[in-house]
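Note sheet for the following structure.
None of the figures in this text is laboratory data; all of them are computed from the coordinates on show. Computed from a predicted structure; not experimentally measured. In this analysis, Cβ positions are derived from the backbone assuming ideal geometry, glycine residues included, and neighbour counts consider all displayed protein chains.
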Amino acid sequence: MAPLEEKEAQIEEVTTVRGERELTVFNDDINTFDHVIDTLITICDHSPEQAEQCTWIIHHRGKCAVKMGEAEYLKPMRDAICDRGISAEVI
């Protein structure tokens, strides 16, 4: 297993054990980088650098877990992101 895949598997295992969920944002061909970056800064309280990094991951991998926590904590963020026309799910 490649080092990145191994690390992702470890993260998945830890989140399952703790009951935490991921707020995952998905790529599309509609929203601009700036719109996604601004949304992550406003909704998820990301720094500009963190938001830009997540946006590049979304662009290249098709999705990115932008926040972790309990489902009740993440659902209002998911709703706010979706209200801005960006696809997101709590996984």
Worksheet item: Which one of these does ILE57 not meet: (1) crowded, with 17+ Cβ neighbours inside 10 Å; (2) in a helix (DSSP H, G or I); (3) of a type outside the set (Ser, Thr, Tyr)?
Response: (1)
Worksheet item: For region 62-91, what are the residues that are part of a helix (DSSP H, G or I) and in contact (Cβ under 8 Å) with a residue 12 or more places away in the chain?
Response: ALA71, LEU74, LYS75, MET77, ARG78, ALA80, ILE81
Discussion item. Can you pull out every residue in region 41-64 that is in contact with a Lys or Arg (Cβ under 9 Å, 6 or more places away or on another chain) and under 18 Å from ILE91 (Cβ atoms)?
Written reply: ILE43, CYS44, ILE57
